[in-house]
Every structure is written in C-alpha cells, then in structure tokens.
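So the structure is just underneath, and the comments pick up after that.
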Amino acid sequence: MAIHPSSIVAPGAVIPESCSVGPFCTVGPNVVLGERCELVSHVVLDGHLTLGDDNRIFPFASVGCSPQDLKYNNEPTKVTIGNGNTIRESVTISRGTVGGGGETKIGDGCLIMAYVHIGHDSKIGNGCILPNGSTLAGHVTVEDYAVLSANAPVHQFCTIGAYAYIGGGTTITQDVLPYSLTSVRRENKAFGINKVGLERRGFTPDEIKQLRQAYRLLQVSKLNTAQALEAIREKVASGEFGERVAYLAEFIARSERGVIK
C-alpha cells in the first residue's frame, strides 16, 4: 500500500493495497475505498464515505464533509460514489441530511472538474460531466450522461434530464428537459435537441428524427405544454414514436417545477 508519510489515515478506514494516497491527505475513520483509487495530494475524505474502484481525486478536494445545512446535527449520513470517476481540484461534495434521505450519491464514469460543489442529498448518474464552477444546491438530480458547462448553478430540487447539455453560465431554476440544449439568452430556453451528443451516444437517425418531431410539438406548435404532452403521448401509443420519446413524455409529466422549453 502506497501511503505517503505526511498523510493521516484514521483507524477504521479501509484502504486496499492497490490504492495510492499521496502527500498531505486526511482520511476519516468511516471511509471505505475500492480497488486502485488514487488520492493525488491534499485530499480530505470524511464522514461515512464509500468509493468504488478506480476513482482518482485531485488536490484540495473535500469529499464527505458535513453539509452546508443549518439543520444538520452531526447525524451519520453518507456519500456513496461509484467506479471510475475523476474528481478534480477543489471539488466539494457534501454528505446527505436526514431530511433529504441521508445520502449524496454519484454513479460511474463521471468527470467532476475544478471548483464544482455538489450539495447534500444530490444524486448524480453515470457518465455525467460537471465542468469548472458548476454548483449544485441540495437535493439536485443529474440523470445519466448529462453535461453542464462552466459556472452553471442549479437550484435545489431541480432535475437535469438524461443526455441534456447546459450552456455556460446558465442558471437553472426548473427541470431541464432530457436530450435538450439549454442555454441562457435573455431567458432560459431549450434550443432543440442535443443532436451531436445524441449521435455520439449511439442514437439512431430515426430516434433523433422522432425527438425532433416531438420537440416541434413542444416548441413550435401553438399547443401549450399540457396539450403538446397529450399529442406526444398519442403518437407514442400509436407506435409512431418510440421509447426515447416515451421517456421525454414521462419526464415532462412528472416534473414538479415545470420544464424549460
């Protein structure tokens, strides 16, 4: 096991021999690392924190520390992180709160860039990218393969739909439609579908065509959101639209804060 002599590892921490702990790191007693994790240097891991395999954490990241919530009273809440994630410099990831379910969770294969903050009780899916300065308030959900841009703050209790792309500096105060390109102009707007990103993720031309047609109903037609949702559902029921559009309709139907369109 490679643990630099300047680092402090509390009794009770679980660190496999395949892991590397660089200089000036602090690892708390309830931290469990998977295989082949690397703490580059000056990393703080605290609280009831579990990491999977092959995670790399860069200097001055703070993972699992107490949440920025005045109601928090040192309850044993936790952070759970999957496999193959990269957590860059000065990232802060807060553990959960009792009122929010008690767990902050990150999936597999995410890139979390410098100065990102992931607030308490947030849920991050697989393959997500959170660029520099992205700020997630408590209780935020980021679904699989969503991509934020730099300095994009997300209001608490918002959901970022799967495969969405959010433009730089865009303040998110409502749920973001899956598959969309959403960016600030004078007001937040979904600028059609994230075509390039969807092609990179293996979406077929027919799936992309169906999504474009569904977005036209949402954005270009004279239908309001409820009417457009009903029209989309009818086409799903008839077989004209497939499972990708069915998920889009389900996402709109369950949104509690309304969607950006």
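The values are calculated or read from the model by the stated rules, or taken from the named source; none is laboratory data. Fair warning: this is a prediction, and the values are worked out from it, not measured in the lab. Glycine also receives a Cβ, built like all others from the backbone with ideal geometry; neighbour counts cover every protein chain displayed. Side chains are part of the model used for accessible areas, which takes the heavy atoms of the whole protein and leaves out ligands, DNA and RNA. Shrake-Rupley method; radii C 1.70, N 1.55, O 1.52, S 1.80 Å.
What to note about this one:
- Cα-based helix-to-principal-axis angle, 243-254 vs the chain, degrees rounded to 10: 80 degrees
- Net charge of the neighbourhood of Cys37, taken over other residues with C-beta under 12 Å away and scored Lys/Arg +1, Asp/Glu -1, is -3.
- Rolling a 1.4 Å probe across the protein heavy atoms gives the chain an accessible surface of 46 Å² per residue.
- Angle in degrees between helix 225-238 and the longest Cα principal axis of the chain, rounded to the nearest 10: 80 degrees
- If R0 equals 45 Å, the separation of the Cβ atoms of Arg216 and Leu111 corresponds to a calculated FRET efficiency of about 0.90.
- Positive minus negative residues near Gly133 (Lys, Arg vs Asp, Glu; Cβ under 15 Å): 0
- For Val21, residues with placed amide H under 5 Å, excluding near neighbours: Ala2, Ile3, His4, Leu39
- Rounded percent of accessible protein surface that carbon and sulfur make up, region 97-180, 1.4 Å probe: 53 percent
- The Cα atoms of region 185-261 give a gyration tensor whose axes a ≥ b ≥ c have a/c of 1.5 or more with a/b no greater than b/c, which makes the shape oblate.
- Label point distance in nm, Val184-Glu234, each placed 7 Å from Cα along Cα→Cβ: 3.9 nm
- The label-point distance for Asn73 and Val32, in a model that sets each label 7 Å from Cα toward Cβ, rounds to 2.7 nm.
- Within straight-line cross-link reach of Lys261, lysines at Cα separation under 29 Å, skipping those fewer than 8 residues along the same chain: Lys105, Lys123, Lys189, Lys195, Lys209, Lys222, Lys235
- The dipole here belongs to the chain: it is taken about the Cα centre, uses +1 on the Cβ of Lys and Arg and -1 on the Cβ of Asp and Glu, and is about 980 debye.
- Within the shell defined by Cβ-Cβ distances under 15 Å, the residues around Gln227 carry a net charge of +3, with Lys and Arg each +1 and Asp and Glu each -1.
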